[in-house]
Amino acid sequence: MTALAANAEPSRWWRSRTVRRFTSHHLALLGVAMIAVLTLACVFGPHLLPYDSLYIDLRARFSPPLTGDHYLGTDPLGRDVAARLFMAGRTSLLVAFSAMLLSTLIGTFVGVIAGYRGGWIGAALMRTVDGFLSFPSIFLLLALAAALKPSPAMVTVIVAVTSWMEVARIVEAEVRSLREREFVLAGRMLGLSGTHIMFREILPNAMGPIIVAATLTVARAILLEAYISFLGYGIQPPLPSWGNMLEGAQQYLDSAPWLAIIPGAAITMAVTSFNFIGDGLRDALDVRDDRV
Amino acid sequence: MRGFLLNRLSQSLILLLIVSLIGFLVLNLLPGGPLAQFGLDPSMTQDDLDRLKEQLGLNRPLWMQYLDWAWRLLQGDWGHSFRDGAPVLAVIGRHVFATLLLMGTSTAIAIAIGTWIGIRGATHRYSLFDHLATIGAMVALSIPTFWFGLVGIYIFSLRLGWVPAGNMYTIGDGSVLNYLHHLILPSIVLSLVHVAIWSRYMRTATLDAISQDFVKTARAKGLSERRVIMKHVVGNALLPMITLAGVQLPSILTGALVTETVFTWPGMGRLFLDSLGYSDYPVVMGLLMFSAILVILGNLIADIVVAIVDPRIRLG
């Protein structure tokens, strides 16, 4: 919310048009509520549940949901699914959020330079963006994950490296259109350095689209982490993530369907929420966008 | 038209160059780099590896290695699979059909349903249908494809027993009907995300077309609303969709990979994952480059088709 405040009046920002529009967007509010619930559950849930996420109880293997204190059942080792789900949420959300920060940073940097400098530097940077977009993201992700041993930090970096291009494109277009505006010309006449104009004068005016793109990038990062962890090349057990909880679920689909259904539902819930929030921010911040 | 073609073709070639540079970078990041094949062999000593390095020219500067690698790629020499020694292009060739079949079917489903939802959403703007379609599309875009596949298998093959849970055909039964039976569920699963994307874009494109002057003219002529929509609006709205089909190729390929994994479908995605499991890096690299080239080619073809259909683009 601090980012929104920066665009509004200094006093009474909570009554600004941007905030009013966001709070009248029902789906966005639903998204915020769902993310709040999920985050609280992941932070406090493991302390409130009777079982530890790593506690193995072979007598209680494959208990269906609502058996005794196992609210969401147990897995093939008798570990509590609810406890694992919350611990996995910590990993997945943290990785996705860090990947968003990193990819937004890369994308913004590339986009600002390409949009402001233009010429052959801009062309080279934007063609590189096109080049990265030509690879199906999972193919590139998996090849990189196989090459670099996937620790959580490395997974974050890999996800960021394959998802900065959208932000770069959006920022480049925005900066290119702002480049010729009067305040930039005025800055140049005052003798401000190129770096100062790019990052202190132009960038703050491009924050709207960046915030929207960043929100949608969280959604994308959650999905990408889930994909590669499901395939066994992402976050490695015993550290749980929503993706790797699903890794072995297919072989027990007939006898223990909850092992597949529950983590997937959590992923869908988180991703839907971020997409809803992104949609609300797009309306509230007046971002023109042709994408879905 | 010739100017347009040359321009577009040179763009694709530049893109191909950049893609090959990224590919070369990934190749050198892989464990053991281009030497991985021999590093796995326990009978190899460090001296052997050093000698091989010398022989294969891996002591040369990187840019020379790149030129050498790119030149062999251009000649169709993509190396050999570690697993069975077959040429990489032949291995990929054996799996292309299955992937194209899955992608083609699911794209056809996505276009048919997505177009219908998009047009109806635009002509009945802000109706209940439109709102539900908007929300539905956002939810559909948020569902992990592999999980949707698992849920589909659980409901439609394990519980209801309507469709098989995987594979492309039953061994010993090569009939078309058997193929179709296996094709239904994976192609529906793969199409979900693209129905969502297609319907959103189709809605925007239809709204754009409706606000054009020629629609006013058509209405002024006294044509029925149905005829105006079917004849004047839809045709024009479908034009940008050809470009979209090209742009969506990478995401369809990504979806195909996870769908193939869940449904044990013998396509390129499954091959990619199997090859990763066996550390069969020549095939992994081959598929990475092959899919990128496929994407560049798909975009090129889409743009040329649009230029053929729409004179404004090739002349303007």
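Values quoted throughout were computed directly from the atomic coordinates according to the rules given, and no laboratory measurement underlies them. Everything numeric here is computed off the predicted structure, so don't read it as measured data. Positions of Cβ are generated from backbone atoms using ideal geometry, with glycine treated the same way; all protein chains shown enter the neighbour counts.
Determine which lysines satisfy two conditions relative to B:Lys216: a Cα distance under 21 Å, and not lying fewer than 8 residues away in the same chain. Counting by Cα, and skipping residues close in sequence, B:Lys216 has these lysines nearby: B:Lys231.
For the protein assembly as shown, a Kirkwood radius taken over Cα pairs fed into Stokes-Einstein (37 °C, viscosity 0.692 mPa s) yields D = 124 µm²/s. Could you let me know the centre-to-centre spacing of the stretch B:250-316 and the stretch B:219-246, using Cα atoms, in angstrom? Distance between centres, Cα-based: 30 Å. As a size descriptor, the averaged projected area of the C-alpha convex hull of chain A was calculated at 18.0 nm². Computed as a quarter of the hull surface, the mean projected area of the alpha carbon convex hull for chain B stands at 21.8 nm².
Under 17 Å from a point placed 7 Å out from the Cα of B:Thr264 along the Cα-to-Cβ direction: which residues of the stretch A:213-248 have their backbone N that close? Under cut-off, by backbone N: A:248.
A simple spin-label model places the labels of A:Arg15 and B:Ala70 6.2 nm from each other, with each point 7 Å out along Cα-to-Cβ. Electrostatic tally near B:Ser199: other residues with Cβ closer than 13 Å to its Cβ, Lys and Arg +1, Asp and Glu -1, net +2. For A:Tyr252 and B:Glu225, the FRET efficiency from 1/(1 + (r/R0)^6), where r spans their Cβ atoms and R0 equals 51 Å, is about 0.40.
Taking the beta-carbon count within 10 Å as an exposure proxy, list A:Leu77, B:Leu16, B:Leu239 from fewest neighbours to most.
Values: A:Leu77 13, B:Leu16 20, B:Leu239 17.
Fewest-to-most Cβ neighbours within 10 Å comes out as A:Leu77, B:Leu239, B:Leu16.
Where only DSSP H runs of four or more residues are counted, the protein assembly as shown gives -22500 deg cm²/dmol as its mean residue ellipticity at 222 nm, each run worth -39500 (n - 2.57). Listed from fewest to most Cβ neighbours within 10 Å, the set B:Ser20, A:Ser177 follows the order A:Ser177, B:Ser20. Between the C-alpha center of the stretch A:153-174 and that of the stretch B:59-119 there is a gap of 24 Å. For the pair the stretch A:80-117 and the stretch A:192-222, the centres of their Cα atoms are 15 angstrom apart.
Considering only the other residues whose Cβ falls under 13 Å of the Cβ of A:Pro237, what net charge follows from Lys and Arg at +1 and Asp and Glu at -1? Intermediate results must be reported in sequence, preceding the final value.
Working: positive: A:Arg79, A:Arg84; negative: A:Asp75, A:Glu247.
Computed value for this residue: 0.
Can you give the FRET efficiency for A:Ala36 and B:Leu128, using 1/(1 + (r/R0)^6), R0 = 45 Å, r = Cβ-Cβ distance, to the nearest 0.05? It comes to 0.95.
Helices that extend 27 Å or more along their long axis by alpha-carbon positions and average at least -0.5 on the Kyte-Doolittle scale are, among the DSSP H runs of chain A, A:26-48, A:81-117, A:207-230, A:258-284.
Between A:Phe44 and B:Arg94, the simple label model (points 7 Å from Cα in the Cβ direction) yields a spacing of 5.7 nm. Which parts of the stretch A:163-203 would a label at A:Ala124 reach, counting a residue when its backbone N lies under 12 Å from a point 7 Å out along Cα-to-Cβ? Once the point is set 7 Å along Cα→Cβ of A:Ala124, nothing inside the stretch A:163-203 turns out to lie under 12 Å by backbone N. When each of B:Val306, A:Val167, A:Val212 is scored by the number of other beta-carbon atoms lying within 10 Å, the sequence from fewest to most is B:Val306, A:Val212, A:Val167. Given the options B:Met289, B:Met230, B:Met103, state which has the largest fluctuation in a GNM of chain B using a 10 Å cut-off (strictly under) for Cα springs. Result for chain B, Cα springs under 10 Å: B:Met230 fluctuates most. Distance between the 7 Å Cα→Cβ label points at A:Gln236 and B:Leu29: 1.8 nm. For the stretch A:146-266, the calculated P(r) over all alpha carbon pairs, in 10 Å bins from 0 to the bin holding the longest distance, is 12, 30, 22, 17, 12, 6, 2, 0 percent.
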